[in-house]
Structure formats: structure tokens, C-alpha cells
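What follows is a single structure, written as C-alpha cells, with notes after it.
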Amino acid sequence: MSDPDTFHTIVTTVENKPGVLARVSGLFARRGFNIESLAVAPTDDERFSRITFTVDVESAPLEQVVKQLNKLINVVEIQELPPEDCVSRELMLVTVAADAHHRRELMELIDDWRAYVLAENTERIMLSFSARTARLDEFEECLRPFGIVELQRTGRVALPALD
Amino acid sequence: MNNKQQMCGGEALVKALESAGVEVMFGLPGGAILPVYDPIIDSSIRHILVRHEQGAGHMAEGYAHATGRPGVVMVTSGPAATNVVTPLCDAFLDSIPMVCITGQVPYAAIGTDAFQECDTTGITMAVTKHNFLVTEAQDIPRTIRAAFHIATTGRPGPVLVDIPKDIVDPVNPRSAMTWYEATDADMDLPGYSPITQGDPELIRAAAEMISEAQRPVLYVGGGILKSRAAEALLELAEMVQIPVVTTLMARGAFPDSHDLCLGMPGMHGNFTAVTAMQRSDLLISLGARFDDRVTGKLDGFAPDAKIIHVDIDPAELGKVRQVDIGIQGDCRLVIEDLTVAMREIGGTEAQADRSAWRSTISGWQEKFPLVYEQSELGERLKPQYVLEELRDNNPPDTIVTSGVGQHQMYASQYWRFDHPYTWINSGGLGTMGFSIPAAIGAKVGKPDRRVWAVDGDGCFQMTAQELVTASVENIPIKVALMNNSYLGMVRQWQEMFYDERFSEVYLSEQTPDYVKWSEAMGCVGIRVESPEEVAPAIAKANEINDRPVVVEFRTDPRENVFPMVPAGKSNSELVVDPSQQGLER
């Protein structure tokens with residue numbers, strides 16, 4: 001299953017300076033573009049960071065988003081990645097209720113989905129799971145009946161697909 | 001010169017401004033910027049001390065408009081920084097090159113709610129092309145160079161540089177630095193490289209599309225002036241014999257008295273300019289941005305027109321109206337290349353037959369000129385008459401600035417702009433109070449030219465205190481104050497669209513006494529109430545060159561600006577003067 005076609009990933013390389021994230025997110029806000037998800041981290045070159053957004057292109061014309069981003073002095077490079085041309089992943093950390101009655105069933109589910117157990121006690125299990133965004137949504141639904149105690153997702157990161 | 005000279009950040013800042021070619025700056029000192037004001041005493045830069053920081057910003061804009069050089073502002077932190085937000089936003093919307101230096105609390109105090117602290121870079125992020133918070137004295141020369149580079153290249157705009165006090169204060173060890181003359185290599189702007197040359201293939205395609213058009217219009221905007229393209233435009237227009245409309249930001253970019261000039265389009269444009277665009281089959285947009293005040297209701301705008309759009313800012317191409325050919329580049333360079341391309345495919349001879357289009361246009365010009373009725377005995381003056389007299393009693397290279405409202409529209413409509421850089425106004429932001437400080441800035445930049453500020457009484461009361469600056473600094477501008485005792489444009493909208501229910505638009509007929517007020521500020525004040533006094537008062541004002549002059553014209557509040565496209569309506573629904581309303585279009 002893939003993400004909706006209207007979700008495009010924009011990968012921006014920005015100067016690693018204070019306030020750059022505020023410039024980028026401020027631009028989205030004042031031009032009325034909605035950000036679906038956002039992930040920020042330094043790159044292998046310490047002068048630059050990478051900001052990866054997912055935007056719903058039905059909510060805003062992608063071309064305008066990219067052109068306006070390009071006007072920001074601290075934005076060095078922009079790649080637009082339509083769903084079919086990129087490999088994307090998202091990471092989820094989740095703590096799930098796991099009492100004695102349901103623990104076995106939960107462990108099977110974890111095995112099936114190839115999630116990792118990061119920590120556990122008698123009442124709860126903490127997992128990590130990384131996959132495409134849509135798979136995270138599905139996994140989350142499977143966990144819900146057990147009782148999700150806390151959940152945190154990173155937002156999507158992506159690289160261009162290989163030929 | 002010793003290139004390895006040790007100095008403090010404050011001296012380095014002033015030296016970097018001198019290196020950038022700054023001759024004049026507009027500002028007002030205060031706590032956080034104090035250490036920079038000390039080296040200014042010994043600097044070659046002329047500093048104009050303003051009465052309010054907003055005035056400094058608009059003066060810098062007027063200076064930049066008139067000279068093409070970046071306007072420079074220096075103010076302190078906190079309230080001074082917030083006071084320049086309006087001119088920064090004004091300069092941002094009208095693409096005015098400007099560099100604004102703001103003081104900031106010491107670096108270690110940032111974020112502590114210190115006295116006169118505000119998040120200047122945060123507040124101004126949305127109204128500047130870029131801004132910097134400098135954290136080390138050693139970075140000052142390279143940051144100043146980058147600020148001027150960004151402000152003046154690509155699409156020009158305001159750049160703010162926020163300077164914490166500790167890095168400029170000689171008593172603080174953090175201000176110590178080693179001077180260097182910053183070069184482009186020091187700027188470190190990996191994400192900034194504006195494209196100025198247009199794509200040759202697109203230019204060729206545009207040349208062909210233009211040649212074939214039956215009803216083309218050159219729709220030119222402020223980008224013509226920013227790129228110094230007026231001469232190139234004249235050559236192109238004359239070669240292809242295509243009529244030109246000049247937007248509010250481009251008045252003077254093409255001579256009004258030229259046969260091909262149709263004047264201003266838009267909400268208060270003249271009938272021919274608006275209608276020629278509406279009926280056009282090709283709009284050649286050069287440095288314009290399809291502003292809502294030009295297009296009216298977008299769905300109904302120029303429905304049959306293909307669009308060629310040239311702009312240095314690629315984000316403008318297709319932002320409002322889909323383009324058939326969009327060319328990113330500097331207007332002057334693209335127009336020059338386009339002229340060559342047009343010549344290569346046959347120039348004037350290769351143009352489609354447009355005799356029918358020309359005769360349609362001249363028919364409109366004859367049938368729908370700008371009109372008004374002269375006032376009767378005892379009535380207040382007609383503002384249009386005052387503008388005509390001002391126009392006819394001043395040389396054509398007079399610089400005219402204006403505030404925002406009815407007087408602005410009358411000035412744009414009734415003046416004859418035959419030279420570029422003679423019209424200075426607040427187009428995008430529509431900032432009331434712009435004209436007096438802008439006129440001061442223009443006069444400082446062009447001291448040999450006559451400068452008239454056309455102002456309204458509402459606008460005048462917002463920034464009049466800068467006339468004190470003009471008097472004290474010996475900057476002899478002239479103000480034509482169109483006093484109709486109302487916020488006239490708002491009154492017009494209430495009359496036309498709110499059933500004549502006038503809400504909070506009446507100022508006062510007697511207060512203030514503008515003549516006394518002007519005299520108190522060191523100006524000559526003249527009051528004019530009847531038509532026969534108009535020309536003599538203008539002549540008298542023009543004779544006075546040792547101080548500013550304010551001529552108060554008592555104008556008729558019932559007078560409305562026509563033509564007018566009501567907000568939200570299509571340009572085809574242009575409302576003409578009542579005397580022309582029955583005429584077939």
C-alpha cells in the first residue's frame with residue numbers, strides 16, 4: 001500500500017544556522033501551506049541540515065511551495081519527491097499495555113510486523129517500528145486494541161529511489 | 001592602510017557601511033546602538049536625525065526610489081525596531097533595496113526580557129528579504145557586505161542586521177576585532193544566486209508570439225524601474241508599436257506623453273488602460289505581478305489574453321495567473337534580448353496588422369478621457385484641478401511622492417510622468433503617511449531636483465513631525481496638502497458601498513490649523529481656498545528654497561475617484577465618471 005498521491009515529500013538542504021527552521025516553518029504558516037509531517041536533522045556535512053516535509057499538494061500548489069522556499073536565503077537545495085520516485089521511512093516508538101492475558105498475542109503481532117522490543121515490564125512493552133508511513137498507520141491500528149499508552153512518530157524522511 | 005588594524009565592532013560597522021558606499025543614513029540613536037553612534041561623528045556618512053523611526057524607514061525608501069541606491073536606516077533596539085516594521089514591510093512589498101541596522105541588547109542578555117529587548121529578527125522575518133543577528137564582532141564586515149548584496153541583487157528588498165551591544169561597545173572585550181575588507185568570498189551565501197539572464201529559447205518563442213498577436217498590450221510594472229530598463233522598454237515598444245500600460249509602481253517607466261502610452265490600469269486606472277487589457281489577446285507582463293488592484297476579479301481578468309510574464313522572481317511566474325511563456329530574468333536584460341530576437345524575425349515589418357486595434361484604442365481614449373467638473377463659486381477646490389495646476393507649474397523632472405488614498409490616485413492619474421524615478425509612492429502595503437518622509441529621502445538623494453509631496457490630511461497627521469527633520473536638516477521639500485477634512489477614500493467606499501453611512505471618516509474642518517502647525521515646524525505655511533489662488537500659491541512655494549513649504553489646498557470632500565472597479569468586480573464592470581455612464585463601450 002502506498003501513501004495517497006497527493007502527499008509529496010520535499011527534501012530541503014538548509015544552512016545549519018540558528019533560526020532556519022523558524023524561517024521555513026514561518027513561511028509555510030504565512031503562505032497558508034499545511035505541513036503534514038516534518039523531520040529535521042544535520043547531514044553528513046556539518047554546515048548543512050536537512051528538513052524533510054510531507055505536504056498535501058491538494059491543499060497548496062506544490063510549485064508555489066517550492067518557489068517560495070527557494071527564496072529563503074538559507075535554503076540551499078530543494079528536491080521534490082513524488083511518491084513513486086522516492087524511498088521513504090518513518091520511525092515510531094510506542095508503549096503498549098501488555099498484561100499477562102494479552103502478552104502472548106502481542107508478542108506474536110510484534111514478530112509478524114518485525115517490530116523491535118526496546119524495553120518491557122510486567123504491564124507494558126515499548127516497541128520501535130520503522131516502515132513507510134502507511135504501514136505505520138496500519139500497525140498502529142493493530143496495536144490499538146491492546147491499549148496504546150504512549151506513541152511518538154518522527155515524521156517521514158526520504159531519499160530519491162534508485163534506478 | 002593597515003589591513004590588520006585592530007578596532008572595535010562599532011568602528012568596524014561604520015567602516016563597513018562606508019566601504020559599501022553609503023553616503024547618507026537615516027536614524028535615531030538609543031541605548032543599545034549608542035556605541036555605534038560614537039564613530040559616526042568621525043565618519044564621512046551624513047546622518048539624518050529623524051523624529052520617529054518610521055520616518056527613517058520611509059526616508060530610506062524615498063532615497064532608494066529616487067537614486068536606485070539602497071536606503072540605509074540605523075535605529076536602536078526594542079520600540080525603535082518595532083517602529084521600523086512598517087517601512088520594512090512597505091519596502092518588502094514594493095521591492096525597495098534597503099539595509100536596516102538595529103541595536104540589540106548584549107548577546108548574553110538576549111532571551112531574558114531585558115530593557116528594550118524584543119525579538120527583532122523574529123518579528124521582521126516575515127517583512128524582510130532576509131535578516132541577520134550578528135553574534136561576533138569579527139563577523140560584522142562580512143555580514144554588512146552580505147546585507148547589501150542581498151538587498152540590491154535579484155528582486156531587491158529590505159535586509160535587517162541586528163547588532164547586540166556587546167560586540168560594538170569598546171568597553172566590552174567581545175567587541176575586539178581585526179578589520180578586513182570583506183569580499184564576495186567572505187559572504188558565505190550558498191543558497192543565494194539570482195538568475196538574471198532569460199532563457200534564449202523562451203525569449204525566441206515570446207518574440208514569435210508577440211509578432212502574431214492582434215491585440216497585444218505591454219503591461220509594465222515596478223520591475224522596469226528596479227532593473228533600470230526604461231530605455232530598453234522604449235526601444236522595444238517603438239519597434240513593435242505595442243501600447244503600454246504603466247502600473248501604479250511603474251508610472252514614469254514609459255513616458256505618459258508618448259503616443260503608445262495608455263497610462264495606469266487597475267482599480268482607479270483610466271478606461272482605455274483597463275479596457276485594453278481586458279480585450280487584449282496577449283499581455284506582455286514585464287516586472288509586474290498581477291496584483292489584485294490591477295486584475296480586479298481574477299476570473300474575469302483579460303479572459304482572451306495569452307500571457308508572457310517576465311520577472312526576476314520565479315515565484316511570481318504563474319502565482320496569480322497561469323502563463324503561456326514565463327521567463328525568469330532581469331527585465332532589462334530580457335527586454336534587450338527580446339528586442340534582438342524581434343529584430344531577427346523581422347522587427348516592425350513582421351508584426352501582425354494591428355490597425356483595427358489601434359483605432360479601437362484611440363476611440364476609447366477620445367470617448368473616455370479623465371474628467372471632472374470645475375468647482376462653482378464658493379465651493380471647495382476640486383483636487384483634480386489642484387493636481388493639474390501642480391503638474392503645469394512644475395518642470396517635468398519634478399519628483400512627486402504621495403501618501404495613500406484619493407490624493408494618491410489623483411496624483412497618479414493627473415500628473416504627466418515623462419521621466420523614470422519621478423513618482424514615489426507606497427503601492428503594495430498602502431502605507432498612509434508615506435509621502436513626507438519619502439519626499440525628504442528623495443530630496444536628500446536628489447538635492448538639485450524639485451520634490452513635491454502630495455499628501456492628504458489623514459496621511460499628513462501620521463508623519464508630519466518629519467517636517468521638523470526637514471527644517472532642521474535643511475531639506476526644502478514642498479507639500480501639497482489636499483485637505484478635504486475626511487479620510488477620503490474610506491468615505492468614498494462608505495458612500496458607494498455602505499449606503500452613504502459615514503462611519504469614523506470625518507476628521508475636522510478647523511483642527512488642526514495646518515498653516516500654524518507648519519510654521520511651528522519651521523516651514524512656510526500657505527492656505528488656498530479658491531481656484532484663482534492655486535497657481536500663485538504654487539509659484540510662491542516654488543520660489544522658497546531655504547525651508548520646507550506646506551500648501552494646504554481646501555478640497556471638496558464630495559469628490560470621488562473615477563473610474564473605479566468596485567472591489568470583487570471584474571474590470572469589465574469599471575464604473576466611469578457619472579458624465580460618461582450612458583456611453584457605449
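Read the figures in this text as sums done on the coordinates, not as results from a lab. Quick caveat, the model's predicted, so the values are computed rather than measured. Neighbour counts are summed over all protein chains in view; Cβ atoms, including those assigned to glycine, are modelled from backbone coordinates with ideal geometry.
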Q) Okay, helix-only estimate at 222 nm for chain B: each DSSP H run of n ≥ 4 adds -39500 (n - 2.57), divide by all residues, round to 500 deg cm²/dmol; what do you get? A) -10500 deg cm²/dmol
Q | Of all DSSP beta bridges in segment B:383-554, antiparallel share, percent nearest 5 | A | 5
Q.
Tell me the net charge near B:V50. Cut-off is 10 Å between Cβ atoms, B:V50 excluded, with +1 for each Lys or Arg and -1 for each Asp or Glu.
A. -2
Q | Formal net charge of residues neighbouring B:D281 (Cβ-Cβ distance under 12 Å; K, R +1; D, E -1) | A | +1
Q. Which shape class applies to segment B:6-187: rounded if a/c is under 1.5, otherwise prolate when a/b exceeds b/c and oblate if not, where a ≥ b ≥ c are the square roots of the Cα gyration tensor eigenvalues?
A. rounded
**Q.** Given charges at beta-carbon only (K, R positive; D, E negative), |dipole| of chain B in Debye
**A.** 120
(Q) Averaged across A:67-75, how many Cβ atoms of other chains sit within 10 Å of each residue's Cβ atom? (A) 6
Q. What does the highest-first list of B:536-544, B:371-379 look like by mean Cβ count within 10 Å?
A. B:536-544, B:371-379
Q.
Exceeding 20 Å between C-alpha atoms, which entries from my cross-link table qualify? They are B:K226/B:K569; B:K367/B:K569; B:K306/B:K367; B:K478/B:K516; B:K297/B:K367.
A. B:K226/B:K569; B:K367/B:K569; B:K306/B:K367; B:K297/B:K367
Q | Straight-distance crosslink candidates among lysines, where the alpha carbon sits under 24 Å from B:K4 and sequence neighbours closer than 8 are dropped | A | B:K15, B:K165
Q: Identify the chymotrypsin sites (Phe, Trp or Tyr not before Pro) of segment B:140-217 meeting these criteria: DSSP loop state and at most 16 other C-beta atoms within 10 Å of the C-beta.
A: B:Y180
Q) Working out 0.36 nm times the residue gap between A:V87 and A:R47, then minus their Cα-Cα distance, what length gain in nm do you get to one decimal? A) 11.9 nm
Q) What percent of all Cα-Cα pairs in chain B falls in each 10 Å bin, counting up from 0? A) 3, 17, 26, 24, 18, 9, 2, 0
**Q.** Ratio Rg/Rh, restricted to the protein assembly as shown and using Cα atoms, in which Rh is the Kirkwood radius
**A.** 1.04
Q: Would you work out which of B:L233, B:M342, B:L260 lies farthest towards the positive end of the dipole of segment B:200-367? Charges go on Cβ: Lys and Arg +1, Asp and Glu -1.
A: B:L260
Q: Please turn the phi angles of segment B:26-31 into ³J(HN,Hα) values with the Karplus equation 6.51 cos²θ - 1.76 cosθ + 1.60 (θ = phi - 60°), one per residue in order, whole Hz, x for glycine and proline.
A: 10, x, 7, x, x, x
Q.
Contact order normalised by length for chain B, with contacts defined as Cα pairs under 8 Å and 6 or more residues apart; what percent is it?
A. 14
Q: Could you tell me how many degrees, from 0 to 90 and to the nearest 10, lie between the Cα long axis of helix B:53-67 and the main elongation axis, the longest principal axis, of the Cα atoms of chain B?
A: 60
Q.
P(r) for segment B:383-554, please, calculated from all Cα pair distances in 5 Å bins and given in %.
A. 1, 9, 19, 23, 22, 14, 7, 3, 1, 0
Q.
In chain B, if the dipole is taken from +1 on Lys/Arg beta carbons and -1 on Asp/Glu beta carbons about the Cα centre, which of B:I123, B:V244, B:Y414 is farthest to the positive end?
A. B:I123
Q.
Between B:D353 and B:D397, what is the label-point separation in nm under the 7 Å Cα-to-beta-carbon projection?
A. 4.5
Q | trypsin sites (Lys or Arg not before Pro) within segment B:1-65, DSSP loop, no more than 10 other Cβ atoms inside 10 Å | A | B:K4
**Q.** Backbone HN-Hα couplings from phi across segment B:505-512 [Karplus 6.51/-1.76/1.60, Hz, Gly and Pro as x]
**A.** 10, 7, 8, 4, 7, 10, 10, x
**Q.** Fewest-first sequence of B:W452, B:W493 by Cβ atoms within 10 Å of each Cβ
**A.** B:W493, B:W452
**Q.** Exposure proxy ranking, count of Cβ atoms within 10 Å, fewest first, for B:L283, B:L381, B:L370, A:L106
**A.** B:L370, A:L106, B:L381, B:L283
(Q) What is the distance in Å between the Cα centroid of segment B:30-74 and that of segment B:392-434? (A) 24
Q) By how many degrees, 0 to 90 and rounded to 10, does the Cα axis of helix B:331-344 deviate from the longest principal axis of chain B? A) 40
Q: Taking the Cα centre of the protein assembly as shown as origin, sum charge times position over the Cβ atoms of Lys and Arg (+1) and Asp and Glu (-1), and report the length of that vector in debye to the nearest 20.
A: 1000
Q) For segment A:27-83, which GluC sites (Glu not before Pro) are in a loop by DSSP, counting at most 13 other Cβ atoms within 10 Å? A) A:E46, A:E58
Q. Mind checking the angle between helix B:230-240 and chain B's longest principal axis? C-alpha axes, 0 to 90 degrees, to the nearest 10.
A. 30
Q.
Could you work out [θ]222 nm for chain A from helices alone, using -39500 (n - 2.57) per DSSP H run of at least four and dividing by all its residues? Round to the nearest 500 deg cm²/dmol.
A. -8000 deg cm²/dmol
Q. Cβ under 15 Å from B:P39's Cβ, B:P39 left aside: what net charge do those residues give with Lys, Arg +1 and Asp, Glu -1?
A. -2
Q. Sorted from fewest to most neighbouring beta carbons within 10 Å, what does the list B:Y498, B:Y219 look like?
A. B:Y498, B:Y219
**Q.** P(r) histogram, all alpha-carbon pairs of segment B:85-156 included - 5 Å bins from 0, percent
**A.** 3, 15, 24, 23, 18, 11, 4, 1
Q) What dipole magnitude, in Debye to the nearest 20, does chain A give about its Cα centre under +1 on Lys/Arg Cβ and -1 on Asp/Glu Cβ? A) 740
